[in-house]
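Asker: Provided herewith is a single structure, encoded as structure tokens, for subsequent inquiry.
The values are calculated or read from the model by the stated rules, or taken from the named source; none is laboratory data. The shown structure was predicted, so the numbers you read here are calculated from the model rather than taken from an experiment. Every residue, glycine among them, receives a Cβ derived from its backbone with ideal geometry; neighbour counts consider all protein chains shown.
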Amino acid sequence: MKEYNKIQALVRLIDDPDESIYEHVRDTIIKEGTAVIPFLESSWEEDDFGLLFQSRIEDLIKEIQFKAVKDDLKDWIESSHKDLLTGALIIVRYQYPNFDEEKIRQKIQEIRKDIWLEISDHQTAYEKVRVFNKVFYGKYQFTGNSKDFHSPLNSYLNTVIETKKGNPLSLCLLYSIIAQSLDMPVYGVNLPNHFVLTYLDENNINSVIAPENKHGNLFYINAFSKGGIFDENEITEFLNGLNKPLLREYYEPCSNSAILARMLTNLITAFQQSGSAERVNELVELRDLFDRNF
């Protein structure tokens, strides 16, 4: 009750014309964190204190939500176990602070179960990927969104699962999360202008049949193009076509941090095209968190 009265007293000062008073109120409320948001929302709906009051409450809620995302992302970056799904869901909360996280996790488990029912340890890596593709692209109808490629909706995992459409990065992210949960060694490869997956050669098969393969990959997967399988020669051709150097990082798995940083870069590009400067500035601030940790 004491905390409630404290917040209530602060809320009544939100529309104070004295900027120094408002700044103190603002800073104090923001420190309370997301727990204070329901109270702010109810005050916005029930208290008739005018447009300034409502506008400032809206700004406060946005600031609190952004700070929560930034703090969570900072903790994720600094953690020793950087779970990819957890990180992707933090980025979802930037745009959709009230989304149902459990619903997303359950849907991923549903897709995983349907694939799990059809794969076995007796299948080769190629056979497992074919089964995976049949369920992922066939039953669940995931596809690359080439018509609206730069839409921010292609980068948020919840909207990708809802619309069944995504960009190369988001489809690779979802594909790899499910594959790894099935003990398939599938990881992201951070190519320039594209993002693909590699199926690691854990049993050193290529050391016998293709000794020229120096990067420990069995094959690559193009998640944006219905899971098409290709080899590292196509990576080389792709890089040559872009006049890019043949760096090891373009052939081998990247870190989960690199995946999330690129996801934020994709979102920055999307909002730059739509002219949303505020979104761009916030996303740059989030992406800059990674620059200090690479």
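Asker: May I ask you to say which residue of Lys134, Lys82 is in contact with a Ser or Thr (Cβ under 7 Å, 6 or more places away or on another chain), among the charged types (D, E, K, R) and under 24 Å from Val160 (Cα atoms)?
Answerer: That would be Lys82, the only listed residue that is in contact with a Ser or Thr (Cβ under 7 Å, 6 or more places away or on another chain), among the charged types (D, E, K, R) and under 24 Å from Val160 (Cα atoms).
Asker: While we're looking at this one, here's another question. Which ones in the stretch 4-48 are under 28 Å from Tyr96 (Cβ atoms), modelled with pLDDT under 75 and charged (D, E, K, R)?
Answerer: Selection gives Glu45, Glu46, Asp47.
Asker: If you don't mind, another one. Among the residues that make up the stretch 213-232, is at least one of them touching a helix residue (DSSP H, G or I) at 6+ places or on another chain (Cβ under 6 Å) and part of a strand (DSSP E or B)?
Answerer: Taking every residue of the stretch 213-232 in turn, at least one turns out to be touching a helix residue (DSSP H, G or I) at 6+ places or on another chain (Cβ under 6 Å) and part of a strand (DSSP E or B).
Asker: A further question follows. Could you please let me know if Asp121 is among the charged types (D, E, K, R), at negative phi and in a loop (DSSP other than H, G, I, E, B)?
Answerer: Answer is yes for this residue.
Asker: Based on this model, can you work out whether Leu85 counts as in contact (Cβ under 8 Å) with a residue 40 or more places away in the chain, in contact with a Leu (Cβ under 7 Å, 6 or more places away or on another chain), of a type outside the set (Lys, Arg) and within 24 Å of Val196 (Cα to Cα)?
Answerer: In short, no.
Asker: Of all residues being surrounded by fewer than 18 Cβ atoms within 10 Å (Cβ to Cβ) and free of Cβ contacts under 8 Å to residues at least 24 places away in the same chain in the stretch 147-179, which is farthest from the chain's Cα centre (by Cα)? Just the residue, please.
Answerer: Per the criteria, the residue is Lys147.
Asker: Taking interchain pairs and intrachain pairs at least six residues apart, which have beta carbon atoms under 6 angstrom, with the first residue in the stretch 116-140 and under 17 Å from Leu197 (Cβ atoms) and the second at pLDDT 95 or above and charged (D, E, K, R)?
Answerer: Pairs that qualify, where the first residue is under 17 Å from Leu197 (Cβ atoms) and the partner is at pLDDT 95 or above and charged (D, E, K, R), are Ile119/Lys128; Val131/Glu118; Val135/Asp114; Tyr137/Lys226.
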